[in-house]
Amino acid sequence: MSNTPQDRDLAIGTLSLGLCPALIVVDLSNGFSDPASPLGGDFDSQISQINGLLEVFRAKKFPVYFTSVVYHDETIASVFRRRLPDLNILQASSEWVKINSKINKKPDELIIEKQWPSAFYKTQLVTQLEKNALDSIVVVGLTTSGCVRATVVDGLQHNYPVFVVPEACGDRNVSAHQASLHDMHAKYAVVMPAKDLCVQIASLLSSVISDR
């Protein structure tokens, strides 16, 4: 029997967007998306893609959630911040925690504050998803190998089908970006081009949820 690496690849099953997906825009704050930030880079192309996805989700009245890493005191996530001291710029009173003005965020769309990589860990995200009976999530944002990946893995661990749009995710390390997309698609999520995802979203009925 052949025992090549290809033969040992795991079978990949199919996942469905369900009837009511949510879009989670991870950490498009100035701290991560402004090249002037020690944590940032040039992600204008990803921002353009995300703005397109926002319009598609809004047209169907599917909910959108933004995240931003915010620190209110020195005790929160202290180990994470010792490991990555540049995170200390993300103070609640700073411009770095605000969503990049190039993102077409609407005033009534929720920003979920987080202190660790995952958008799920010690946040209100699960409560929001459950309250609105959402049955799948689309994850985009920054960075692919960090907070996007952590959110994808936690989304799976909360038993949601997870979809990732590669053009709408960015990373300062291109190799890490590509490797993370490969790993997520192989194990945790469906990595789907924006045009294909938009076709699927367009085929769904508009959401009947009114309480966001």
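Quick notes on this one:
- Total residues in the range 40-69, condition of a type in the set (S, T, N, Q) and either surrounded by 21 or more Cβ atoms within 10 Å (Cβ to Cβ) or not in a helix (DSSP H, G or I) (or both): 3
- One residue stands out among those in the range 27-39 that are small (Gly, Ala, Ser) and surrounded by fewer than 21 Cβ atoms within 10 Å (Cβ to Cβ): the one that is nearest to the chain's Cα centre (by Cα), which is Ser37.
- Scanning the range 70-82 for residues that are within 16 Å of Tyr121 (Cβ to Cβ) and part of a helix (DSSP H, G or I) turns up Ser78, Val79, Phe80, Arg81.
- Residue pairs whose Cβ atoms lie under 7 Å apart, separated by 6 or more positions or on different chains, with the first residue in the range 114-126 and outside any loop (DSSP other than H, G, I, E, B) and the second not aromatic (Phe, Trp, Tyr), are Lys114/Thr67; Lys114/Val69; Lys114/Thr123; Leu125/Ile112; Leu125/Ala119; Val126/His158.
- Complete set of residues in the range 132-165 that are farther than 21 Å from Asn30 by Cα, among the polar types (S, T, N, Q) and in a loop (DSSP other than H, G, I, E, B): Asn132, Asn159
- Test: residue in the range 144-160 that is under 25 Å from Val97 (Cβ atoms), surrounded by fewer than 24 Cβ atoms within 10 Å (Cβ to Cβ), in contact (Cβ under 8 Å) with a residue 60 or more places away in the chain and touching a Gly at 6+ places or on another chain (Cβ under 8 Å): yes
- The condition (being surrounded by 13 or more Cβ atoms within 10 Å (Cβ to Cβ), in contact with a strand residue (DSSP E or B) (Cβ under 8 Å, 6 or more places away or on another chain) and farther than 20 Å from Asn173 by Cβ) is satisfied by just one residue among Ala92, Ala22: Ala22.
- Selection status of Leu129, surrounded by 20 or more Cβ atoms within 10 Å (Cβ to Cβ), part of a helix (DSSP H, G or I), in contact (Cβ under 8 Å) with a residue 40 or more places away in the chain and in contact with a Phe, Trp or Tyr (Cβ under 9 Å, 6 or more places away or on another chain): yes
No value in this document is a laboratory result; all are computed from the given coordinates. Everything numeric here is computed off the predicted structure, so don't read it as measured data. Glycine also receives a Cβ, built like all others from the backbone with ideal geometry; neighbour counts cover every protein chain displayed.
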